[in-house]
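The values are calculated or read from the model by the stated rules, or taken from the named source; none is laboratory data. This is a predicted model, so every value here is computed, not measured. Positions of Cβ are backbone-derived with ideal geometry, glycine not excepted, and every protein chain shown enters the neighbour counts.
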Amino acid sequence: MTLNFWEQIKKGSTSFAKKREKEGGGFGATPLLPPTVEDTYFGLAILDLCQALDEISKAKHLSYLSTISWQELLPETLLYYLKALALLDRAKPNSKELEKYLDEFLAKGSSVKRLAILFSIPQTLDPREQSERSSLKELKGRIKQEILRILPKEEKLTLELLYYLLSPLPEFVEKNLNFVFSSQNPDGGFGFMPGTTSFMENTYFSINILYYFNRLEKEVSKKALSFVLSCLNGDFGFGRNSQGISFLNTTYYGLSVLRTLLEAFCRSEALAEEPLRR
């Protein structure tokens, strides 16, 4: 894939996302559906990756997010909400209120995935605020201990779970890199686990894990590139696989994987003097 084609994809994907952008702010899964927090995050992430997120758009989407009562969101959705605010360069909720929210969910008992998400939520705060609040550090420590307590009881590893564990337990993820490599299929995509069908989200999880540990091998990258390009549709969105229709989340995953792979190719083959914008 050439850099010119990459620019063409970014331009087309910007148009794809814009068609799902709502006049009053937010993004919907289709041009006719109402906005959701998750779709808004992925719409913003696409525009940001494609360098097409302007100040007028930011103000409109901030207006939509300001109508959301974040305390009522589940942790999975709250993480998208906070990531969206980060893309808009806006302040996050008060850290004390976030601590209360996290403490309440921790007390309820959770799956390993949800605990990993709870651990990731404070990571969206300002780094100085993270370092200065000892109570926040203590809470993250308790979440990590709970993950370690129930982790051996997890029946099946998945690439999604390993991806979410990158933040609290990178050493555990690194010990399972063979699981990641074994999950790649002949079509170049990755399944939920070895021996399962390739999907875009799993390919995104895998490429990010391998990139994190600097284990993105050339042959793995080439095969993954082939899979991702096979998922590119005529509307310049990406499907979950080569037969799938385009959605905002799968389009962001596809774009993100392409960017990561291109950066790796540019470094290894000296095709550019500096990485593509991250």
Given the structure, is Asp103 in contact (Cβ under 8 Å) with a residue 12 or more places away in the chain, part of a loop (DSSP other than H, G, I, E, B) and of a type in the set (Asp, Glu)?
no
Kindly indicate whether Glu155 is acidic (Asp, Glu), at pLDDT below 95, surrounded by fewer than 17 Cβ atoms within 10 Å (Cβ to Cβ) and over 19 Å from the mean Cα position of the chain (by Cα).
yes
Under the condition of being of a type in the set (Val, Ile, Thr) and closer than 30 Å to Gly28 by Cβ, which residue from region 210-252 is farthest from the chain's Cα centre (by Cα)?
Ile245
Residue among Gly188, Gly195 that is over 17 Å from the mean Cα position of the chain (by Cα) and within 17 Å of Phe265 (Cα to Cα):
Gly188
Starting from residues that are of a type in the set (Asp, Glu) and at pLDDT 95 or above, keep the ones in region 53-102 and report whichever is farthest from Gly28 (Cα to Cα).
Glu72
Identity of the residue in region 3-17, over 20 Å from the mean Cα position of the chain (by Cα) and not aromatic (Phe, Trp, Tyr), that ends up modelled with the lowest pLDDT:
Leu3
Single residue of Phe213, Phe227 found to be in contact with a strand residue (DSSP E or B) (Cβ under 9 Å, 6 or more places away or on another chain) and without any contact (Cβ under 8 Å) to a residue 60 or more places away in the chain:
Phe227
Those residues that are farther than 22 Å from Leu169 by Cβ and β-branched (Val, Ile, Thr), I need them from region 204-240; list them, please.
Val220, Val228
For Thr40, are the conditions met, namely being surrounded by 12 or more Cβ atoms within 10 Å (Cβ to Cβ), of a type in the set (Val, Ile, Thr) and either at positive phi or in contact with a Ser or Thr (Cβ under 9 Å, 6 or more places away or on another chain) (or both)?
no
Any chance region 207-216 includes a residue that's touching a Cys at 6+ places or on another chain (Cβ under 9 Å) and not charged (D, E, K, R)?
no
Among the residues of region 42-49, is there at least one that is outside any loop (DSSP other than H, G, I, E, B), touching a helix residue (DSSP H, G or I) at 6+ places or on another chain (Cβ under 6 Å) and within 17 Å of Leu125 (Cβ to Cβ)?
no
Please determine, by comparing only the residues of region 219-235 that are under 18 Å from Phe181 (Cβ atoms) and in contact with a Ser or Thr (Cβ under 7 Å, 6 or more places away or on another chain), which one is surrounded by the most Cβ atoms within 10 Å (Cβ to Cβ).
Ala224
Only one of (1) farther than 20 Å from Leu216 by Cβ; (2) free of Cβ contacts under 8 Å to residues at least 40 places away in the same chain fails for Pro168. Which number is that?
(2)
Can you find, within region 236-261, the residue that is surrounded by the fewest Cβ atoms within 10 Å (Cβ to Cβ) among those that are in contact with a Ser or Thr (Cβ under 8 Å, 6 or more places away or on another chain), of a type outside the set (Gly, Ala, Ser) and under 16 Å from Asp39 (Cβ atoms)?
Arg240
Select, from Glu97, Glu38, the only residue that is part of a helix (DSSP H, G or I) and without any contact (Cβ under 8 Å) to a residue 40 or more places away in the chain.
Glu97
